[in-house]
Amino acid sequence: MTRLVTVDPNHPDTSIIADAARVLVSGGLVAFPTETVYGVGANALDAAAVEAIFRAKGRPATDPVIVHLASVEQVHDVARRVPAIVYDLARAFWPGALTLILEKQPCLPPSVTAGLPTVGVRVPAHPVAHQLIARAGVPVAAPSANRFSRPSATRAVHVLADLDGVIDLVIDGGPASIGVESTILDLTVSPPVIRRSGGVTLSHIQHILPEATALAEFFGDHDVHLAPGQSLRHYAPRAALTLYIGQVDDIALRVGADVRAAVAAGSRVGVLSPEEDLMALAPRLAALGRTGRVVTMRYGARRKLDESAHELFLALRALDAEGVDLILASAPEADGIGLAITDRLTRAAEGRVVRLHR
Ligand code: TXA
Ligand code: MG
């Protein structure tokens, strides 16, 4: 049985937090909101509890889990030989959407880090996450609260859709504000490299750590150097998704033609695009609208990419619920948070990416 409790995201009821903390400390699994996405947490020092997360998610044992802390002082409980730069980064970005890869403490169960000698740590900013971890008094291992390979959960209903019956408790604290996962910065290599783009951008990090590098510059375009687990099928809706990257006019031409061809071939098609793309596509899809074979889903806007990030996983799950056969998604050529959006959609597309260059 999974219990669901609802809290005020900014002022969660302390008795609910205390109860959830007891579940964690006694080896249970608790899903909770963070500012990036919902996480499903277990006591990171309890090997059996951590293994239960892997079972609940259907997650392969090769995919390490991020350890969530209440403050930077707690880093030493799970990491050793912590470099001084951690404190500068913590001052700038913690609590917040940045995960740091450090050398792990031997006391941490190997399942947390998938047997790696390193550990990912983050101090989340969401008051519910923060108060839960502080109250539990233990580091909390928490992957995103979705079944493995599914779009991450940004609402409590998404958590229940994927994990009802296999975890103990879900704390509903409303929608996750950022909507894509934390940025992962590996400090165990030189120069430090971003292994997953996310809520904190490279240029933000470079203010504190100028030598920090994007993955592509560090290794070339080789997928194998992403964070482990990231190169697998990920964030994927049930329908096969194709991603188109380019400018609005080119997207309208190409996606418009591809939607018409897919409908002619008998498919129900979902179109997942920022507002500007949908506006440009509208006249091209007008005739098809009456067939009921095209479902359009907006995720934010090119001029408001924060909104796009916030709505991305919600929109993917909503298109799935529509039961479309195919999804044609579009995204701008982007940097900043746009990089995280394109990254997630590229993985959801499992390589079906069409780049429309001028
Ligand atoms: O925003 C987030 O980071 C969310 C919330 C819940 O905090 N969590 C999250 O966890 O995205 P998850 O399990 O979906 O992604 C964790 C990823 C792993 O797939 C892996 O790529 C990377 O973090 N990771 C964790 N530990 C690592 C390590 N020691 N070395 C390299 N990568 C690691
Ligand atoms: Mg995940």
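The values are calculated or read from the model by the stated rules, or taken from the named source; none is laboratory data. Keep in mind the model is a prediction, meaning the values are calculated, not measured. In this analysis, Cβ positions are derived from the backbone assuming ideal geometry, glycine residues included, and neighbour counts consider all displayed protein chains. Remember, those area values only see protein heavy atoms, side chains included, never the ligands or the DNA or RNA. Shrake-Rupley method; radii C 1.70, N 1.55, O 1.52, S 1.80 Å.
Quick check: is even one residue across the stretch 37-48 within 16 Å of ligand 1 (Cβ to nearest atom), out of contact with any Pro (no Cβ under 6 Å at 6 or more places or on another chain) and hydroxyl-bearing (S, T, Y)?
yes
In the stretch 166-196, which residue that is away from ligand 1 (no atom under 15 Å from the Cβ) and either outside the structural domain of D63 (by TED's automatic domain parsing) or within 23 Å of H207 (Cβ to Cβ) (or both) is surrounded by the fewest Cβ atoms within 10 Å (Cβ to Cβ)?
S190
Being of a type in the set (G, A, S), modelled with pLDDT under 95 and under 21 Å from L314 (Cβ atoms) narrows it down to one residue among S190, S197, S182, S177; which is it?
When all the criteria are applied, what remains is S197.
Restricting attention to the stretch 120-131, does a residue exist that is closer than 27 Å to R238 by Cα and part of a loop (DSSP other than H, G, I, E, B)?
no
In this structure, does R238 turn out to be open to solvent by 40 Å² or more (accessible area, probe 1.4 Å), touching a helix residue (DSSP H, G or I) at 6+ places or on another chain (Cβ under 9 Å), in contact (Cβ under 8 Å) with a residue 60 or more places away in the chain and over 23 Å from I337 (Cα atoms)?
In short, yes.
Can you name the residue in the stretch 60-97 that is modelled with pLDDT of 95 or more and within 16 Å of ligand 2 (Cβ to nearest atom) and, of all such residues, is surrounded by the most Cβ atoms within 10 Å (Cβ to Cβ)?
Filtering first and then ranking leaves V67.
Just one of L202, L163 is closer than 28 Å to A84 by Cα, assigned by TED's automatic domain parsing to the domain that holds A20 and among the hydrophobic types (A, V, I, L, M, F, W, C); which is it?
Going through L202, L163 in turn, the sole match is L202.
If G351 meets every condition in (1) under 25 Å from the mean Cα position of the chain (by Cα); (2) open to solvent by less than 50 Å² (accessible area, probe 1.4 Å); (3) at positive phi apart from one, which number is that one?
Of everything listed in (1) under 25 Å from the mean Cα position of the chain (by Cα); (2) open to solvent by less than 50 Å² (accessible area, probe 1.4 Å); (3) at positive phi, G351 misses just condition (2).
If a residue must be among the hydrophobic types (A, V, I, L, M, F, W, C), near ligand 1 (Cβ under 6 Å from one of its atoms) and buried (at least 24 other Cβ atoms within 10 Å of the Cβ), how many such residues does the stretch 116-146 contain?
Total satisfying the criteria: 2.
Just to be sure I understand the filter: pairs with C-beta atoms under 7 Å, separated by 6 or more residues or on different chains, first member in the stretch 61-77 and closer than 13 Å to K104 by Cα, second member buried (at least 21 other Cβ atoms within 10 Å of the Cβ) and polar (S, T, N, Q). Which pairs pass?
As it stands, the answer is P64/T113; I66/T99, since those pairs meet every condition given.
Starting from residues that are away from ligand 2 (no atom under 16 Å from the Cβ) and part of a loop (DSSP other than H, G, I, E, B), keep the ones in the stretch 132-149 and report whichever is nearest to V67 (Cα to Cα).
P139
Mind checking whether some residue in the stretch 136-156 is β-branched (V, I, T), out of contact with any Phe, Trp or Tyr (no Cβ under 9 Å at 6 or more places or on another chain) and closer than 16 Å to V72 by Cα?
yes
Would you say I208 is in the same structural domain as A44 (by TED's automatic domain parsing) and under 21 Å from T34 (Cα atoms)?
no
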